[in-house]
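Since the structure comes first, as structure tokens, the remarks are kept for the end.
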Amino acid sequence: LKSVIQSSRRFLPSRGSSSVILEKKEEDLFTALEILCENECKDTDIEKDKSKFLEFRKSKEEHFYRGGRVSWWNFYFSSENYSSAFVKRDSYEHLKDLIQCWAESPKPVFAKIINLYHHPGCGGTTLAMHVLWNLKKNFRCAVLKNKATDFTEIGDQVTNLITYKATSHQEYIPVLLLVDDFEELENICILQDAINSSLAKKGLRYEKTLVIILNCMRSQNPDRSAKSADSVALKYQLSPKEQRAFEAKLEEIEKQHKNCENFYSFMIMKSNFDDMYIENVVRNILKGQNVDSKEAQLISFLALLNSYVINSTISVSQCEFFLGITSARTPWEPETLEDKMGTYSTLLIKTEVAEYGRYTGVRIIHPLIAIACLKELEKSYHLDKSQIALNLLREKLFYVSGIGREKFLHDVQTLLLTRQRREYGDETDTLFSPLIEALPNSKIENVLTAGSIQFPQNAFICQALARYFYIKEKDFNTALHWANQAKKIAPKNSYISDTVGQVYKSKIKWWLDENKTCREVTVKDLTHFLETAEKASGAFKESQRQNDSKDYEPEVWPLQKYQRKYDMYNTAGFLGEIEVGLYSIEILQLTPLFHKENELAQKPLVQFLSGIGDILADPENEYHLTLKNFTSYLQNLRLDLKKCFDFFVDYMVLLKTRNTHKEIVESILSKKVSRYYRKYTEIFCHLGLDPLQSKELLQEENYRKSLEALRADRFSGLLEYLNPNHKDAANTVERIVNQYALLFQQNLNKKLIKEKQNFILANIILSCLKPSSKYIRPFNILKKQLREVLELVEPTHQYPDPYFLACLLFWPENQELDQDSKLMEKYVSSLNRSFGRQYRHMCRSKQASTLFYLGKSKGLHSIVHKAEIEQYFSKEQNTNSLWQSGDVWKKNEVKDLLRRLTGQAVGKLISIEYGTEEKIRIPVISVYSGPLRSGGNIERVSFYLGFSIEGPLAYDIEVI
């Protein structure tokens, strides 16, 4: 059939208005791409036979109007006037303009993402393909046909499509790549990086954007998703203009097709997604059916899968097998799926499946029909979701063998497990998968237990059961049983270890909540809950270790790997350890030894938990004897808590998320950690008034406690004061600078390396926040102090802090190098090395934050922070998009503020040369996602300089 319905010669657009032939053997190499040619569907053999072509056209139109995916033929019939004009959605022009605008952008990039967010089944894919169809002469258009293909391979194929039959970079025609139904936004960014890398590897020169990725993505709230830049929304809502277009189209369809009342997907659109219309259709088709029949069961299985799992299907062969269709009803007319399904068949449609080998699958014609089927089955036939799920999990036939088995197994596990998460672009965060959330508590256990029997090797089903028992039922023993089952299956997984810790921790939290009025804990309870806390802490520590180990396991089950869930750094073990530590202290404060109402008992408690003092009490006291058994856990408690708080402040300040969804999630986590830190400081940073302690020692202890309470004892804690949301930051930083100065006066003969670094950074921050402050030390004094620090640290110093300060204070002001700036190459290299050792393992879904920029002024005033730049954009609602698009650098005030440097670039590598006699070459990291336009040649470039804890960064790079 393919030879009959495909043009014998296929063309791609080339330079000017010319075309090049896409050779058959070359096209076969583009295994991941379905290429849309300029002359798609033209000059085919089938069109020459009028009656066959009419039959072919009717079948293609019927498939589309019933709910099948649109094909290029549907657009061809309209363009060649075999049918009236294809319905043009209101968003069509906006989307097309966006694509063309980026293709002609004066600030080109390698690969640009444009997002189309749409409600499932409202015509999103059709709109995207409509735009491709009408741009096929301007772009080399392609659809990604197999999302499971390795991204590097996709990148290489896209690069080959750009360069196909081009003799120079002037002949490159940009690729417009449609990516449909990726489940996570992160994956699109990884694909973009892979395309960038492939283009860079080829060393392509370019004057225009080379690839536009049209990301067509389902969303439960398209308007909210499309708030980000370069995004379009499409919803379950037609404008009056669109409604008129669908009305007119229906008149044409009625003339040309006999059974158009069964074109339910088209009619749903025409009815403007009317709930009553959908309910009536489903009620009439399901009326009077026997729900125990195989046919009704199959409808119920598909309704459940299609309501909750994107792109879920059951293969035709498995459906036939399930229904008992034998190969022949009569030798000359085999029985078909449609015959067997009877009236139900109008609700089903066949669809091509590309993942896990190509085959034909079956699904319900529209997501809203699937949802309505579930409601009707429950309302009229008392067949609820939990019973359908149990039937599906116990139907052995689907799990044993057959075409499409792997995809089916994947879809069923997704149904049970995949939670919605804001950081992946979902509407909300859910505790369980949407199906499990929709079930009454009494039914959840049965469904998940059946899942664990069907998938005995999937640790995450056991994990979901553990979470169900501790969150919903408060049955901690059963929860622990399931958590340990999960641990047996996946002993190295940090998410599973965290769940073990969560079970123990929740048990303590539940007891504290139930006993709010309790004034004193019994010895028995104290023993039990300290044992529980110690076990929880051990599990959380193991989760942290596993997260950092080289063979860590991500949060995926075997069949899910092709989806490429974006790799996250699992922070739950750190938060869990903080929470269980604070709960342990609450329990200790209910003992007579450290009672919260006894002011005098609080200092001994702090000393005990800091590992300084022992328990002051009668050794025969049973509370005393109990606590003795937990000395190693309790005496390290303060240190363990502080380590976790330090981790969070580093993770959130020094590193930034790669997308805005994750930013929202992180800001919620940040508020939670800050709340816990306030509790920590109330306990451990209480200023002492001990009359027996020497005045100097007491003063120093109080300075240190005060600095710790303000988070000023850590580099990242100080940098937090640059956040514009920080209230009264300038005055607080003045206090910090002052307290460090007093601390140095008391310790004239001590090295205090860490304190001196913090003091220098505090001065830099104060200079940014309040340049006129009288507390700022002169630039030369700070440089002298930094020299002393750099002499004291070992060449293999593990932290980036001193080298970061060296970049800020010693950066060359001109070509003349002084004793400090001539060592800059060494400092940058040490900064990069120590960052790699300390933080790179945390960068799975993050990258180093740019903390400062190099300004035109001299001395401390040459160090500019982000808020100083953003003050010129105070009217803008979304400053993030200004940074992403590069519009920040176009503003004259910003150009006047920042110093523009020149350097050399080879591909992505940039360096700056300084020195007149003795030269140094400083490497700079390019922030630009793609390399420069130069290809592999060496080019002179200019850029603005940013400073991150990983190294200096080049922004707004331009070839000179």
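FYI, it's all coordinate maths here, none of it is from the lab. Since the model is a prediction, treat every value here as computed from it, not as a measurement. Using ideal geometry, Cβ is built from the backbone for each residue, glycine included, and neighbour counts are taken over all protein chains shown.
If you take the beta carbon distance between ASP618 and LEU431 as r and set R0 to 56 Å, what does 1/(1 + (r/R0)^6) give as a FRET efficiency, to the nearest 0.05?
Numbers: r = 47 Å, r/R0 = 0.83.
So the FRET efficiency works out to roughly 0.75.
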Angle between the Cα long axis of helix 824-838 and the longest principal axis of the chain, 0 to 90 degrees, nearest 10? 70
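Please compute the contact order of the chain in relative form: average sequence separation of alpha-carbon pairs under 8 Å and at least six residues apart, divided by the residue count, as a percent. Walk me through the numbers on the way to the answer.
Numbers: 1438 pairs, mean separation 80.3, N = 960.
After rounding, I find 8 percent.
Which value results when the Cα radius of gyration for the stretch 590-661 is divided by 2.2 N^0.38 Å? Numbers along the way, then the final one.
Working: Rg = 17.5 Å, N = 72, 2.2 N^0.38 = 11.2 Å.
Computed over Cα atoms of the stretch 590-661, the ratio equals 1.57.
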By how many degrees, 0 to 90 and rounded to 10, does the Cα axis of helix 275-286 deviate from the longest principal axis of the chain? 60
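Taking the DSSP beta bridges in the chain as the whole, what percent of them are antiparallel, to the nearest 5? Write out the running numbers ahead of the final one.
Details: 47 of 71 bridges.
Taking every DSSP beta bridge with both residues in the chain, the antiparallel ones total about 65 percent.
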Rounded FRET efficiency, nearest 0.05, which uses the C-beta distance separating LYS137 from GLU825 and R0 of 35 Å: 0.10
Starting from the exponent 0.38 and prefactor 2.2 Å, build the expected Rg for the stretch 457-684 from its residue count and divide its actual Cα Rg by it. 1.09
Which of PHE594, VAL606, GLY538 sits farthest toward the positive end of the charge dipole of the stretch 457-684, with +1 on the Cβ of Lys and Arg and -1 on the Cβ of Asp and Glu? GLY538
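Given the Cα-Cα distance of ASP274 and THR343 and 0.36 nm per residue of separation, how much length would full extension add, in nm?
22.6 nm
Rounded if a/c is under 1.5, else prolate if a/b is larger than b/c, else oblate: which is the stretch 356-414, with a ≥ b ≥ c the root eigenvalues of its Cα gyration tensor? If you can, show how the numbers build up before the last one.
Values: a/c = 2.83, a/b = 1.55, b/c = 1.82.
Oblate, because a/c is 1.5 or more while a/b does not exceed b/c.
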Most to least packed among 537-543, 229-235 [average Cβ atoms within 10 Å]: 537-543, 229-235
Whole Å is fine, so just give me how far the alpha carbon centre of the stretch 614-667 lies from that of the stretch 745-811. 29
Ellipsoid equivalent to the stretch 46-162 - semi-axes via the Cα gyration tensor, in Å: 29, 18, 15
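Could you state the per residue volume, in Å³, of the convex hull enclosing the Cα atoms of the stretch 274-411? All intermediate terms of the calculation are to be shown ahead of the outcome.
Details: hull volume 15.8 nm³, N = 138.
Once divided by residue count, the hull of the stretch 274-411 is 115 Å³.
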So how compact is the stretch 781-898: Cα radius of gyration and Dmax in angstrom? 16.7, 47
Return the distance in nm (one decimal) between the two label points of a simple spin-label model at VAL906 and LYS603, each offset 7 Å from Cα along Cα→Cβ. 6.6
P(r) for the stretch 676-799: what percent of alpha-carbon pairs falls in each 5 Å bin, starting at zero? 2, 10, 19, 21, 20, 15, 9, 4, 0
In whole percent, what relative contact order does the stretch 274-411 give with Cα contacts below 8 Å and a gap of six or more residues? 32
Search the structure for amide H atoms under 5 Å from the amide H of VAL232, placed 1.01 Å from N in the peptide plane, and list their residues when 5 or more places away or on another chain. ASN115, LEU116, TYR117
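Kirkwood hydrodynamic radius for the chain: how many Å is it when counted over pairs of different Cα atoms?
32.2
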Return one number: the angle in degrees, 0 to 90 and rounded to the nearest 10, between the long axis of the Cα atoms of helix 801-810 and the longest principal axis of the Cα atoms of the chain. 90
List the residues, sorted by chain then number, that are 5 or more residues from SER315 or on another chain and whose placed amide H is less than 5 Å from its amide H. VAL362
